[in-house]
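Here the structure is laid out as structure tokens; the discussion comes afterwards.
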Amino acid sequence: KQEVTQIPAALSVPEGENLVLNCSFTDSAIYNLQWFRQDPGKGLTSLLLIQSSQREQTSGRLNASLDKSSGRSTLYIAASQPGDSATYLCAVRELSSNTGKLIFGQGTTLQVKP
Amino acid sequence: SQTIHQWPATLVQPVGSPLSLECTVEGTSNPNLYWYRQAAGRGLQLLFYSVGIGQISSEVPQNLSASRPQDRQFILSSKKLLLSDSGFYLCASTGYNEQFFGPGTRLTVL
């Protein structure tokens, strides 16, 4: 059974720092991996989607990498800002899924202090 | 990209009352649709998914039901709410690869 783990559960950093959020999954037979951002009381916003054949995706200050063989993905945030404060979730879609179901980690709550 | 609408945004209901939450999707056709629940301090739990009109699959046994009367409309219902039904309900849609989420409905059952 696929399990997705995110460590740490919470992270607090000063503004301007570069940081890495980690996501691990137990079964490497994935179709893709998606990173989301969730602000308090809001829905999820898709940040980056990495297909299983890809190694990384970039959007602005965000870079997500995927190492399928080791079951790991990282989300790198450069020059963090207070506006980056939110909960970040990763989710995998299994190769065997023909319904697009995602399996989510518990999330990392990030606080960027001014 | 897709746009997903959910209403109401917040809802306070007494135990034993009925429930109907609605989700509509714009910007795509024939999407897979999903209902998730996010309880306080817990992760996202997939409740239902649908691959087409009238096709509903339930992930966990519960007090809730779902229906898909139109291609881009997904409804979450209950005949009698329980206290444990409180939570944040999210509707999601998958087109080709990426999954998109609606703004959510905060349900409080008293």
Requested in this report: Report, for the protein assembly as shown, the % of DSSP beta bridges that are antiparallel, rounded to 5.
Outcome: 90
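Any chance you could run the full-extension gain for A:Ser53 through A:Leu95? It's 0.36 nm times the residue separation minus the Cα-Cα distance, nm to one decimal.
Full-extension gain reported as 13.9 nm.
Efficiency by 1/(1 + (r/R0)^6): what FRET value for B:Leu110 and A:Ser70, r their Cβ-Cβ distance, R0 = 45 Å, to the nearest 0.05?
Details: r = 47 Å, r/R0 = 1.05.
E(calc), rounded to 0.05, equals 0.45.
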Query raised in the report: Taking H as built 1.01 Å from N, whose amide H comes closer than 5 Å to the amide H of B:Asn32, not counting residues under 5 places away?
Result: B:Thr94
Query - Cα pair distances exceeding 23 angstrom across the protein assembly as shown, given as percent - result: 48
**Report entry** Relative packing of A:17-25, B:1-9, which averages over residues the other C-beta atoms within 10 Å, highest first
**Finding:** A:17-25, B:1-9
Query raised in the report: Seen from all sides and averaged, what is the projected area of the convex hull of the Cα atoms in the range B:29-69, in nm²?
Result: 3.3
Report summary line: Taking N as the residue count of chain A, its alpha carbon Rg divided by 2.2 N^0.38 Å gives 1.02
Report task. Mind checking B:95-103 for the average number of partner chain beta-carbons within 10 Å of each residue's beta-carbon? Result -> 5
Report summary line: Over the Cα atoms of the range A:59-114 the radius of gyration and the largest Cα-Cα distance (Dmax), both in Å, equal 13.8, 44
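For the range B:53-110, take N as its residue count and report Rg(C-alpha) divided by 2.2 N^0.38 Å.
Working: Rg = 12.7 Å, N = 58, 2.2 N^0.38 = 10.3 Å.
So the Cα radius of gyration is 1.24 times the expected 2.2 N^0.38 Å.
Based on the mean of other beta carbon atoms within 10 Å per residue, what is the order of A:94-106, B:11-23, most packed first?
On the way: A:94-106: 17.8, B:11-23: 14.5.
Ranked by mean Cβ neighbours within 10 Å, highest first: A:94-106, B:11-23.
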Query raised in the report: Short version: ³J(HN,Hα) in whole Hz for each residue of the range A:3-16, in order, from phi by Karplus 6.51 cos²θ - 1.76 cosθ + 1.60 (θ = phi - 60°), x for Gly and Pro, what are they?
Result: 10, 10, 10, 10, 9, x, 6, 9, 8, 10, 9, x, 4, x
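Which of the peptides A:32-38, B:47-53 is most tightly packed, and how do the rest follow, judged by the mean count of other Cβ atoms within 10 Å per residue? Walk me through the intermediate numbers first.
Working: A:32-38: 22.9, B:47-53: 18.1.
Highest-to-lowest ranking by the protection proxy: A:32-38, B:47-53.
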Requested in this report: Averaging sequence separations of C-alpha pairs under 8 Å and six or more residues apart, then dividing by the length of chain A, give the relative contact order as a whole percent.
Outcome: 37
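No value in this document is a laboratory result; all are computed from the given coordinates. The structure displayed is predicted, hence computed values, not measured ones. FYI the Cβ positions are ideal-geometry reconstructions off the backbone, even for glycines, and counts take in every protein chain you see.
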